[in-house]
Amino acid sequence: MARSLTPDTHIPQNLQPTTWNPAKEARRVPDESLHYQSIREIGDRLRRRELSAVELTRATLERTERLNGTLNAFITIMAEKAMAQAEAADAALAAGTDLGPLHGVPISLKDLYQTAGVRTTGGSKILADWVPDTDATTTRLLNEAGAVVTGKNNLHEFAFGATNENPHYGPTRNPWNTAHIPGGSSGGSAAAVVAGLGWMSMGSDTGGSIRLPAALCGAVGIKPTYGLVSRAGVLPLSWSQDHCGPLTRTVEDAAISLNAVAGYDPADPASAKHPAQDYTAGLTGGVTGLRVGMLREYLGANVNPEIVAAVRAAALALEHLGARTEEISVPAVNQSDGAGMAISYSEAASIHEQWLRTNRDDYGADVLDRLTHAEKLTAVQYLKGQRARRVLVDRFIALFNTIDVLVTPSCPILAPTIPESRGNAPRAQLLGFTRLFNVLGLPAVSVPCGVSASGLPIGLQLIGRPFDDAGILRAAYAYEQDAGWHTRRPAVQ
Amino acid sequence: MEQAATPPTASPATQAPMTASDDNPISAPTTDEFDAAHATIRATIERLEGLGLNNEGGRAVVEPASVFHWQ
């Protein structure tokens, strides 16, 4: 239970800010719009002492408690630990120690990220009581950046699904219409940031699990270049296709978050020795002369017409902003589905091999179904996927000699209702436009680009060259600021 | 001690109304459904041959990507 600050709370003299008034701090209640300010705006308010991290965290926790009954975005709320982190953040700021833009800012983590002393369930029954004694690398980096972790987000069990209907912890609901799925597997993360329950949530993406929920919930979600963000201490699904990245409400917030977590980690065998980079620098550089390709194969008859219209309008907007857009064709994408499937299924079966022997009955039905298919795949089929991967990587590297950014819809369908999402057709479609880019390892970001007539968000996916994460963020930022979809808020009761 | 989040017990006014379909959880597929789905998975993987993994004479001309292909 959080401790309240009162006029009697003793703060050592050397840690008190010069203008701090404990009585005033204890009574002031932040207004609702607070929860939708940007990381930069909140940081400015913290540094001007208009707001304390304790106050901010308390307000976030109260909102989370109030809305989580509806959204089910969190499996575990870390109230006590979060308040302690907030107090430490305030003390550090008062002492003149500024850890950067995330200092004192409430965030959350998909419940795949190890958190020392706090259970990490993987959204599963098997790990329901697992309390790690070490943090994931990303958890540690965010703690070192002064972020305040308020809780662990709900997800599709073991990240092996796209609906976030979790049989052990309940379904997460889409903040725009709670009858609909938020998408998965980082559905809790997306629902949390869009509903103002924190400024960022770290998700994971093996076939689309950051970008899909970002698209269906009207958030920003980036799957960075493979190897850019450490996977150490994050429960794996597919070693060669797992990517870690942030979900936020704006592109700038995503860039700020990426700054905190990107970088070489010797604890992750796939970590890339890529030079450190500031993903916020150049964000406002614009798109003049940028060569943008629209992937024709992802704008066909199988795509919801409202989505096609929104994506075409987004491309036109980029053109008006100075980009050069053209429709391009890569026929190989029509044959590529099997690559991601062969690789991710086989690797998942290997990861779960022991539990499938000892805890088979503890899996949810849909995840067990997928793992059973995966167990039956042969080594030849797995290698076919890896061979296809080489062909596809070569084709797309060649493509990026002629364009700078590829744009597609993030998803061919609108968010289905929870019952509809159990059908084979929707489940097959949800990851249809994202999975390929996990096979390729290219950076890909989803940003809001419209709303359907039924009020459901539509996402635009921008893909770039290896390690051009800054480039796709710059293009996404230019579009976002022009279009303004990021300013919409769901009316969650 | 961190607390588990409050289970979803929102009132009807704030949560989507339950329908008959909502009462049916995700269920395990029948054997026929599983076999049909697996056949689809096999066929999807077989379509990768169209990327030219083997030449016309059947010789394998593409080797697998390295797991850490960006290193």
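Every number here is computed from the coordinates shown, using simple stated rules; none is lab data. Remember, predicted model here, so these are calculated numbers, not experimental data. Note that we place each Cβ from the backbone using ideal geometry, even for glycine, and neighbour counts take in every protein chain shown.
Here is how the numbers come out for the structure above:
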quantity	calculated
Averaged over A:41-53, number of beta-carbon atoms from partner chains that fall within 10 Å	0
Summed residue charge, Cβ within 13 Å of residue A:167's Cβ, Lys/Arg positive, Asp/Glu negative	-4
Segment residue A:327-residue A:133, length gained on full extension (0.36 nm per residue, minus Cα span)	64.8 nm
Three-way shape label, region A:347-493, alpha-carbon gyration tensor, a/c 1.5	oblate
Cα gyration tensor shape for region A:119-257, rounded if a/c is under 1.5, else prolate or oblate	rounded
HN-Hα J in Hz across region A:468-482 - Karplus 6.51, -1.76, 1.60, θ = phi - 60°, x for Gly and Pro	9, 4, 5, x, 6, 5, 5, 5, 5, 5, 4, 5, 4, 5, 6
Stokes-Einstein D (µm²/s) once Rh is taken as the Kirkwood radius of region A:258-356 over alpha-carbon pairs, at 10 °C in 1.306 mPa s	89 µm²/s
Inter-centroid distance (Cα atoms) of region A:177-198 relative to region A:90-135, Å	19 Å
Separation between Cα centres of region A:334-394 and region A:420-493, rounded to whole Å	25 Å
Cross-link pairs beyond the 28 Å C-alpha cut-off, checked among A:223/A:273; A:125/A:376; A:110/A:273; A:152/A:384; A:81/A:110; A:152/A:223	A:152/A:384
Packing rank of A:346-352, A:142-148, A:218-224, where each peptide gets the mean count of other beta carbons within 10 Å, highest leading	A:218-224, A:142-148, A:346-352
For A:417-426, mean number of other protein chain Cβ atoms within 10 Å	3
Sum of side-chain charges, residue B:59 neighbourhood, beta-carbon under 14 Å (Lys, Arg +1; Asp, Glu -1)	-2
Amide proton proximity set for residue A:299, modelled H, under 5 Å, gap of 5+	none
Residue range of chain A that is longest and free of trypsin sites (Lys or Arg not before Pro) which are both DSSP loop and sparsely packed (at most 15 other C-beta within 10 Å)	A:49-272
Cβ neighbours within 10 Å from other chains - mean over B:36-44	5
Quarter of the Cα convex hull surface for the protein assembly as shown, i.e. its orientation-mean projected area (nm²)	25.4 nm²
Environment charge of residue A:487, counting only residues whose C-beta is closer than 11 Å and scoring Lys/Arg +1, Asp/Glu -1	+2
R0 of 22 Å, Cβ-Cβ distance residue B:46-residue A:376: FRET efficiency to nearest 0.05	0.95
